[in-house]
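**Q** Below is a structure I'd like to ask you about.
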Amino acid sequence: MRSRAVRLTLTLLAAVAIGSAAWFYWTNHVRGRAVIETALAFDTTNTAATRQAFELRNAQQAYVAAGQSETFWFEKVTTSADALRTSLAALKTMTTAAAAHAGLEDAGRALQEFEERDRRVRGYTSSGQKLLASDIIFSDGLEAASKIIAALDQAAAAAHQAGATAAAGASRAQARA
């Protein structure tokens with residue numbers, strides 16, 4: 001290869017090929033990291049939402065516990081319900097999976113059911129009818145809280161599946177290159 005123009009052309013072609021491969025690898029790596037970071041954020045928020053659902057359930061049970069201040073626990077349930085609603089809204093923005101959105105919608109409906117029953121329980125508790133309140137708390141309240149937790153688990157499983165599918169697609173694209 002004595003021609004300087006041929007050597008320069010081949011060098012430039014090699015540099016462009018290496019640069020293109022590096023750019024393709026880098027963009028796939030960035031996309032993969034974004035998927036992982038979104039999954040971690042979803043998991044963290046989902047764990048917080050599940051914890052809030054358990055707090056909601058436990059705080060409602062304290063309404064009928066001997067020696068407990070009703071106003072404290074009423075406020076605790078209200079705060080936990082608001083925090084859970086905020087977490088559900090945040091989770092909806094973190095995933096595009098339809099099944100995850102369906103699970104989060106189910107959790108939202110179960111939270112509304114819980115709050116409707118909670119209003120009845122508060123009325124019974126405030127009027128001194130703790131037996132009626134405890135019947136609702138330990139049957140309907142537990143059921144509604146369990147629905148919330150199950151729906152959050154369903155949403156997490158769907159989001160994980162969608163994330164795994166996206167990661168596999170990125171890996172296949174990178175392997176083809």
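**Q** Please state the shape class of the chain: rounded when a/c is under 1.5, otherwise prolate if a/b exceeds b/c and oblate if not, all from the C-alpha gyration tensor.
**A** Prolate, because a/c is 1.5 or more and a/b exceeds b/c.
**Q** Through the Karplus equation 6.51 cos²θ - 1.76 cosθ + 1.60, θ set to phi - 60°, convert the phi angles of the stretch 79-91 into ³J(HN,Hα) values in whole Hz; use x for Gly and Pro.
**A** My calculation for the stretch 79-91 gives 5, 5, 5, 5, 5, 5, 4, 5, 5, 4, 5, 5, 4 Hz in order.
**Q** Additional query: Pick from 81, 144, 14: which residue has the top mean-square fluctuation in a GNM of the chain where Cα pairs under 10 Å get a spring?
**A** So, out of 81, 144, 14, the one fluctuating most is 14.
**Q** Which loop-located trypsin sites (Lys or Arg not before Pro) does the stretch 1-63 contain, where loop means any DSSP state but H, G, I, E or B and the Cβ has at most 10 other Cβ atoms within 10 Å?
**A** Answer in residue order: 2.
**Q** Moving to a separate point now. Running a GNM on the chain with Cα contacts under 10 Å, which residue among 164, 156, 34 ends up with the highest mean-square fluctuation?
**A** For the chain, modelled as a Gaussian network with Cα springs under 10 Å, the answer is 34.
**Q** So how far apart, in nm, are the two label points at residue 6 and residue 18 if each is 7 Å from Cα heading toward Cβ?
**A** The answer from the label model is 2.1 nm.
**Q** A further question on this structure: Which residue, 128, 19, 141, tops the fluctuation ranking in a GNM of the chain built on C-alpha contacts under 10 Å?
**A** 19
**Q** Then there is this: Cα to Cα, under 14 Å, and not fewer than 8 places away if on the same chain: which aspartates and glutamates meet these conditions relative to residue 147?
**A** Output for residue 147: 105, 106, 113, 115.
FYI, it's all coordinate maths here, none of it is from the lab. Since the model is a prediction, treat every value here as computed from it, not as a measurement. Cβ coordinates were reconstructed from backbone atoms using ideal geometry, including for glycine residues, and neighbour counts include every protein chain displayed.
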